[in-house]
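The values are calculated or read from the model by the stated rules, or taken from the named source; none is laboratory data. On a predicted model such as this, the values are computed, not experimentally measured, just so you know. For neighbour counting, all protein chains shown are included, and Cβ atoms are generated from backbone atoms with ideal geometry for every residue, glycine included.
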Amino acid sequence: MGLALDHAMNAACNAASELLDQYAPVEIRCERYVEREPHPGGQAAYTMRARFPWHREPHTRVMVEVTMDEEVLREPVECRVMHEYGEDFDAQVHVYSLEEIVAEKLRAVLQHARKLSERGWSRSRARDFYDVWRILGTHEGEMDLDGFAELLSKKCSLRGVAFTSPDDFFQATMLAHVERTWEQWLGPLVPRLPSFETVIRELRPRIATLCQ
């Protein structure tokens with residue numbers, strides 16, 4: 001599987017380079033990202049680097065992670081690629097449903113809480129809280145949330161975590177860590193970033209409804 005995946009990723013980079021030839025000669029390199037320790041779920045990661053004509057070395061970087069053991073529980077949806085480039089580019093891609101995205105991000109919050117308890121540190125989940133707040137605030141009316149609690153429970157069981165009440169997603173130690181890293185993790189990415197207090201205050205009743 002490893003060699004086949006390497007071949008597929010390199011083939012994708014070569015195809016991208018060929019498509020870009022009509023605009024500019026762009027070299028794209030693909031390198032497997034090696035973790036310090038093997039990923040417990042067999043996840044593979046790659047670093048794609050692009051060298052544009054005005055670069056001496058490849059500078060533009062994209063990270064790609066390929067999960068091997070994640071079970072997709074809701075039917076993927078087909079969406080149009082949205083962009084603001086000048087080229088005529090009209091394509092559809094399969095993506096996770098919004099319900100599945102929210103479930104995975106809430107599960108990540110529980111995994112983060114467990115790591116903080118076990119190790120005393122973990123990467124900030126500020127983005128997960130913000131993303132769930134933004135998705136529910138913008139698209140909740142478009143989502144099929146019937147049976148969401150069951151979907152979330154199944155997602156959690158795949159990673160050995162669980163919840164008994166909505167409060168499990170708002171544990172004090174975890175929230176303190178997220179609050180400290182709120183501006184650091186989200187400030188460079190989100191114009192007019194809402195405050196940590198606003199996001200958490202508005203999320204609490206929404207998560208409570210989802211967990212019923």
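Among the listed residues GLN111, GLN92, which satisfies the condition of being over 25 Å from CYS30 (Cβ atoms), of a type outside the set (Phe, Trp, Tyr) and either without any contact (Cβ under 8 Å) to a residue 12 or more places away in the chain or not assigned by TED's automatic domain parsing to the domain that holds GLY41 (or both)?
Among GLN111, GLN92, only GLN111 is over 25 Å from CYS30 (Cβ atoms), of a type outside the set (Phe, Trp, Tyr) and either without any contact (Cβ under 8 Å) to a residue 12 or more places away in the chain or not assigned by TED's automatic domain parsing to the domain that holds GLY41 (or both).
Give just the number: which of (1) at pLDDT below 95; (2) loosely packed, with under 14 Cβ neighbours inside 10 Å; (3) over 21 Å from VAL199 (Cβ atoms) does GLU150 not satisfy?
The number of the failed condition is (1).
Sort out which residues of region 2-11 are closer than 15 Å to ALA45 by Cβ and among the hydrophobic types (A, V, I, L, M, F, W, C), and write them in order of number.
The answer is LEU5, ALA8, MET9.
Determine whether ASP168 is assigned to a helix (DSSP H, G or I), more than 20 Å from the chain's Cα centre (by Cα), modelled with pLDDT of 95 or more and not aliphatic (A, V, I, L, M).
yes
Which pairs turn up if I take residues in region 171-187 that are touching a residue at least 60 places away in the same chain (Cβ under 8 Å) and assigned by TED's automatic domain parsing to the domain that holds LEU106 and look for partners that are in a helix (DSSP H, G or I) and basic (Lys, Arg) with beta carbon separation below 7 Å, at least 6 apart in sequence or on another chain?
Between residues of region 171-187 that are touching a residue at least 60 places away in the same chain (Cβ under 8 Å) and assigned by TED's automatic domain parsing to the domain that holds LEU106 and residues that are in a helix (DSSP H, G or I) and basic (Lys, Arg), the close pairs are TRP185/ARG127; LEU186/ARG127.
Could you list, in sequence order, the residues of region 72-87 that are in contact (Cβ under 8 Å) with a residue 24 or more places away in the chain and within 26 Å of GLN22 (Cα to Cα)?
The answer is GLU87, and nothing else.
Tell me yes or no: at least one residue of region 148-160 is more than 13 Å from ARG107 (Cα to Cα), acidic (Asp, Glu) and either in contact with a helix residue (DSSP H, G or I) (Cβ under 8 Å, 6 or more places away or on another chain) or part of a helix (DSSP H, G or I) (or both).
Within region 148-160 (the criterion being more than 13 Å from ARG107 (Cα to Cα), acidic (Asp, Glu) and either in contact with a helix residue (DSSP H, G or I) (Cβ under 8 Å, 6 or more places away or on another chain) or part of a helix (DSSP H, G or I) (or both)), the answer is no, since none of the residues qualifies.
Of the residues that sit in region 114-154 and are more than 18 Å from the chain's Cα centre (by Cα) and among the hydroxyl-bearing types (Ser, Thr, Tyr), which one is farthest from ALA172 (Cα to Cα)?
SER153
Just checking, does region 48-63 include any residue being at pLDDT 90 or above, surrounded by 13 or more Cβ atoms within 10 Å (Cβ to Cβ), assigned to a loop (DSSP other than H, G, I, E, B) and touching a helix residue (DSSP H, G or I) at 6+ places or on another chain (Cβ under 6 Å)?
Scanning region 48-63 turns up no residue that is at pLDDT 90 or above, surrounded by 13 or more Cβ atoms within 10 Å (Cβ to Cβ), assigned to a loop (DSSP other than H, G, I, E, B) and touching a helix residue (DSSP H, G or I) at 6+ places or on another chain (Cβ under 6 Å).
For region 171-212, give me each residue that is assigned to a loop (DSSP other than H, G, I, E, B) and more than 23 Å from SER153 (Cα to Cα).
GLY187, PRO188, LEU189, VAL190, PRO191, ARG192, LEU193, PRO194, SER195
In this structure, is SER124 among the polar types (S, T, N, Q), in contact (Cβ under 8 Å) with a residue 60 or more places away in the chain and out of contact with any Leu (no Cβ under 6 Å at 6 or more places or on another chain)?
For SER124, the condition - among the polar types (S, T, N, Q), in contact (Cβ under 8 Å) with a residue 60 or more places away in the chain and out of contact with any Leu (no Cβ under 6 Å at 6 or more places or on another chain) - is met.
Write out, first by first residue and then by second, each pair whose Cβ atoms fall under 8 Å of each other, whose residues are 6+ apart or on separate chains, and whose first residue, in region 10-33, is among the acidic types (Asp, Glu) while the second is assigned to a helix (DSSP H, G or I) and surrounded by 14 or more Cβ atoms within 10 Å (Cβ to Cβ).
GLU27/SER17
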